[in-house]
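First comes the structure, then the notes that go with it.
Readers should treat all values here as calculations from the given coordinates under stated rules, not as data from a laboratory. Fair warning: this is a prediction, and the values are worked out from it, not measured in the lab. Reconstructed Cβ throughout: ideal geometry from the backbone, glycine too, with neighbour counts over all protein chains shown.
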Amino acid sequence: MPHPAITKDNVAVITGGASGIGFAAAIAFARAGMKVCIADVDETRLAEAATRLSSVTAATNVMTLAVDVSEIESVTELERAVRERFGGTDILMNNAGIQPGSTLFGEPDHWQRIIGVNMWGIINGSRIFAPSMIARGRCGLIINTGSKQGITTPPGDPAYNVSKAGVKAFTEALQHELRNSKDCHITAHLLIPGFVFTGLTAKGRTEKPAGAWTPEQTVDFMLARLEAGDFYILCPDNDVPRALDEKRMLWAAGDIIENRPPLSR
Ligand code: NAI
């Protein structure tokens, strides 16, 4: 049984959808019969992704838009354009992210860009889309891509860690808000991938390092956990549990914490 929001004719919007984990999610949603909008700042990759998507679904089911998630106007335009083309959004995957590296006393502009894309991108997406998704009155999902680095905060890339810690905190606030909203059938989920071999992590490597997941494996795991109703989708190929307290370690076991299952349509 697929998750009730992953239903033929529903609409999925994926930011950072032109490559890596986002593109693998776009393929999976398209294969499930959904209409898919991929939003990405990289127009060349967007065009390539649209061509590849056309091998799994009709061109009429696919839309692409050049979007910078750190810009609220750009995200507002994305929401409007999807509503105009497909009638609204049922699944929002706030996934766009960058990891150019950072140092604690590095340039403020550099910090602002990392936090702007990784954290503000997710806040912008959630705040702009959630009201219209709720008003649509259907069962829906908001999936925010965090990182174990937002929980374990290892030394070495402080701006990325801060941005992803913000994603976790914001997603938890969103979960509470949606849970307490009347007539709301939307749930919010935090995806915490482990080490996935993508453009973000390849750093010159052409071969997948041992132990790394592929984007497709990550998305398959995510879909299975959504089906199980998990709010925290903690991919098991990482060391997050060691950084969590006993209660939160239950996430790793796939237990459902305070879960209100999504309602059927
Ligand atoms: P990727 O580099 O393959 O994909 C990221 C996509 O986001 C790219 O297509 C890029 O053009 C797009 N993007 C960048 N800035 C943008 C902006 N301002 N507006 C719109 N789109 C923008 O990387 P990957 O690995 O698929 O990353 C996806 C998410 O997963 C990111 O949020 C990343 O932080 C997170 N993540 C990845 C892990 C990994 O091991 N690959 C581990 C943990 C988290």
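Using every pair of separate Cα atoms, the Kirkwood estimate puts the hydrodynamic radius of segment 129-181 at 12.5 angstrom.
Counted by Cβ distance under 9 Å from Val67, the other residues give a net charge of -4, where Lys and Arg count +1 and Asp and Glu count -1. Under the shape rule built on the C-alpha gyration tensor, where the axes satisfy a ≥ b ≥ c, segment 11-252 is rounded, since a/c falls short of 1.5. Within the chain, the whole DSSP H helices whose Cα atoms reach 18 Å or more along their own axis and whose mean Kyte-Doolittle score is at least 0.5 are 121-136. Note on the chain: with a GNM built from Cα contacts shorter than 10 Å, the maximum mean-square fluctuation among Ala159, Ala212, Ala39 falls on Ala212. Considering only Leu65, Leu141, Ile38, and ranking their Cα positions along the charge dipole of the chain that arises from unit charges at the beta-carbon of Lys, Arg, Asp and Glu, the one farthest toward the positive end is Leu141. Annotation: the residues Leu104, Leu191, sorted from fewest to most other C-beta atoms within 10 Å of their own C-beta, follow the order Leu104, Leu191. Counting neighbouring Cβ atoms within 10 Å and putting the fewest first, the residues Cys37, Cys184 line up as Cys184, Cys37.
Note: relative contact order over the chain, using C-alpha pairs below 8 Å and six or more positions apart, is 18 percent. In the elastic network of the chain, a GNM with C-alpha springs shorter than 10 Å, the most mobile of Thr187, Thr152, Thr89 is Thr152.
Among Lys182, Lys148, Lys35, the largest mean-square fluctuation in a Gaussian network model of the chain, built with springs joining Cα atoms closer than 10 Å, belongs to Lys182.
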